[in-house]
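What follows is a set of notes on a single structure, which appears directly below.
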Amino acid sequence: MKQYILAALLCCLMVAMAGCDSQFNHWRDLNEVWIEAHAAELGKDTNVVDYGITHTGLQYEVYHRGYGKLPKSTSQIKVNYKLWLYDGTLVQASEDAVLTLSNCVPAWKEFLPQMPAGSHFKLYAPADICYGADGSKSIEEFRVPPYSALEFEIELVDVWQQLPDNE
């Protein structure tokens, strides 16, 4: 009898896990479609002064290029930013946030070293250079589901404490 109960529990667990994989695959597919669809819209905003797609699939639109310092991976930065999911849900917004670039998502680590302080831009980032398959595992008010492509609007206010790094 115990063998049958154990087998039934294992079957239920496998079905539940398959449902989760299916849900995550659906979420990943929706986000990939959003990233692909957005590529066709890049640069159509008349306020955009530069735009493109990097080798990682990161899409960017520059509204203003500043004249300040360029951040290194070890720099502390002050930013104003907003973060949205592909469906337009605002996940987080912050003003005058002080961060170390090395602690940011890969999309920021890739793009911010090209943007001088004073710049204002948007990033449209595939899931694999954001929070990936795990999503964010942060506090309640900052939930990013697994496989989420994200949109960031960023104003790079200041750059300082550029420690030596091994780049």
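Assuming R0 = 25 Å, what is the FRET efficiency of residue 70 and residue 128, from their Cβ-Cβ distance, to the nearest 0.05? Once the sixth-power term is evaluated, E becomes 0.50. Backbone N atoms of region 62-91 closer than 19 Å to the 7 Å Cα→Cβ label point of residue 114 belong to residues 62-75. Inter-label distance, residue 56 to residue 93: 2.6 nm, where each label sits 7 Å from its Cα along the C-beta direction. Distance from the alpha carbon centroid of region 115-134 to that of region 54-100 works out to 6 angstrom.
Taken together, the values in this text are just the output of simple stated rules run on the coordinates, not laboratory data. All values reported here derive from a predicted model rather than from experimental measurement. Every residue, glycine as well, gets a Cβ built from its backbone with ideal geometry; the counts of neighbours run over all protein chains shown.
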